[in-house]
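Input: a single structure, listed below in structure tokens.
The values are calculated or read from the model by the stated rules, or taken from the named source; none is laboratory data. None of the values given here were measured: they were computed from a predicted structure. In this analysis, Cβ positions are derived from the backbone assuming ideal geometry, glycine residues included, and neighbour counts consider all displayed protein chains. Side chains are part of the model used for accessible areas, which takes the heavy atoms of the whole protein and leaves out ligands, DNA and RNA. Shrake-Rupley method; radii C 1.70, N 1.55, O 1.52, S 1.80 Å.
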Amino acid sequence: MAKITLDNLAHSYLPNPASEDDYALKELNHDWVDGEAYALLGSSGCGKSTLLNIISGLLHPSQGRILFDDKDVTHAPTAARNIAQVFQFPVVYDTMTVRDNLAFPLRNRGRDEAYVAERVQEIARMIGMEDQLNRKARGLTADAKQKISLGRGMVRKDVNALLFDEPLTVIDPHMKWELRTQLKQLHHDFGHTMIYVTHDQTEALTFADKVVVMYDGRVVQIGTPQELFERPDHTFVGYFIGSPGMNLFDARIAGSTARVGDVSVELGSVYEPGRGKVQIGIRPEFVRLAAGGEGIPAEVRRVEDVGRHKIARLSVGGKPVNVILSESQTVPAGADRITFDPKGINVYENDWRVAPASRDEEAA
Ligand code: ADP
Ligand code: MG
């Protein structure tokens, strides 16, 4: 197992990148702590696979270095990095049996057959394929083949890190949950450094200790699920994490007050006025509905019951805004305003969160 350091790393698929736009992966410095489970989360095309393939050595970065426990491996081939990687689609030997596929990474490392047999049996149980060990991989469903790929990724205990690139894409929904649980258990038992790529926030938030959120070739935030929820560093994190995501309002800031249109909103802390595009972000959990009185004028369009709670869909100045109500709450009669719980407000300038200049004693 190893700590993995990315030092001034960047990658462009173009031979002569000119501007930042030409980089699939923008400059990045980061330590992946030894033994932690990370999810790498972001929408399709944001650079997740590029980053993973650089770590495993399938791709050589156009700039910067990769260190495993402070040893420079930037130019080391994949085999020398001692990593297990599982891809989105199955990689199995069709002519081999399930057993021999699972045993392959161990035999390749010269492990004795008694150990191989024992470990293969354990893994077969984890992926639910104990009764298919003697079958040839050829002819199995894509789903079964992917389980073999996962098993092969998990079979060695002595790897530096385990990398998963959207490994459950072709797995049926029930088995997805089961396998994710197995991966968590594996992490718990052996404490490998794990990086799990996904575009699914539920998968990321349930799997990982730390979630690394990528947007447009950039890591925009690394944090615990709670940090990503409470303090999104970038408006993309606010929007992408949460269901529905964070609401944003254009605002002007003066001290501890934001002006949204001609309504004053108390922020609870003092902020610099901000020069660029200034917005306040508030999650649907912290917005309250009111009839008359203070607040931002809003029109309730409809209310959806999603089981755990209700979502009120509003229109505010022609833009959609969401409010979460508990199962027992109802929309007040004649509701035409929204107010915010100051502790749920974050301030953004050009999409990046700004920290308060100081706490406002009066507002606090
Ligand atoms: P993700 O895994 O998050 O979906 P990728 O890392 O695959 O994203 O891709 C990031 C960007 O790099 C995308 O714009 C993609 O089109 C581009 N890209 C990926 N692979 C290649 C390649 N082999 N050659 C050129 N461009 C690529
Ligand atoms: Mg990808």
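Just to be sure, is residue 165 buried (at least 17 other Cβ atoms within 10 Å of the Cβ), within 16 Å of ligand 2 (Cβ to nearest atom) and under 13 Å from the mean Cα position of the chain (by Cα)? Can you show your working first?
On the way: buried (at least 17 other Cβ atoms within 10 Å of the Cβ): yes; within 16 Å of ligand 2 (Cβ to nearest atom): yes; under 13 Å from the mean Cα position of the chain (by Cα): yes.
Criteria met by residue 165.
What are the residues in the stretch 118-162 that are open to solvent by 60 Å² or more (accessible area, probe 1.4 Å) and over 21 Å from residue 79 (Cα atoms), if any?
Taking the stretch 118-162 as the starting set, the residues that turn out to be open to solvent by 60 Å² or more (accessible area, probe 1.4 Å) are 118, 121, 125, 130-131, 134-136, 138-139, 141, 157-158.
Scanning the stretch 118-162 gives 118, 121, 125, 130, 131, 134, 135, 136, 138, 139, 141.
Give all pairs with beta carbons closer than 9 Å in which a residue from the stretch 25-51 that is at pLDDT 95 or above and within 12 Å of ligand 2 (Cβ to nearest atom) meets a residue that is open to solvent by less than 70 Å² (accessible area, probe 1.4 Å) and among the basic types (Lys, Arg); count only pairs at least 6 apart in sequence or on separate chains.
The qualifying pairs are 40/48; 41/48; 42/48; 47/26.
Taking residue 143 as the residue in question, decide whether it is charged (D, E, K, R), in contact with a helix residue (DSSP H, G or I) (Cβ under 8 Å, 6 or more places away or on another chain) and within 16 Å of ligand 1 (Cβ to nearest atom).
Values: charged (D, E, K, R): yes; in contact with a helix residue (DSSP H, G or I) (Cβ under 8 Å, 6 or more places away or on another chain): yes; within 16 Å of ligand 1 (Cβ to nearest atom): no.
No: the conditions fail for residue 143.
Could you tell me whether any residue of the stretch 188-196 is open to solvent by 60 Å² or more (accessible area, probe 1.4 Å), within 16 Å of ligand 1 (Cβ to nearest atom) and either in contact with a Gly (Cβ under 9 Å, 6 or more places away or on another chain) or among the aliphatic types (A, V, I, L, M) (or both)?
no
Looking at the stretch 287-327, which of its residues are crowded, with 17+ Cβ neighbours inside 10 Å and under 18 Å from residue 256 (Cα atoms)?
The answer is 295, 296.
Taking the stretch 86-145, which residues are among the acidic types (Asp, Glu), in a loop (DSSP other than H, G, I, E, B) and within 20 Å of residue 157 (Cα to Cα)? Quick ask: steps written out before the conclusion?
Narrowing the stretch 86-145 to residues among the acidic types (Asp, Glu): 94, 100, 112-113, 118, 122, 130-131, 143.
Restricting the remaining residues to those that are in a loop (DSSP other than H, G, I, E, B) gives 94, 112.
112, the sole residue that qualifies.
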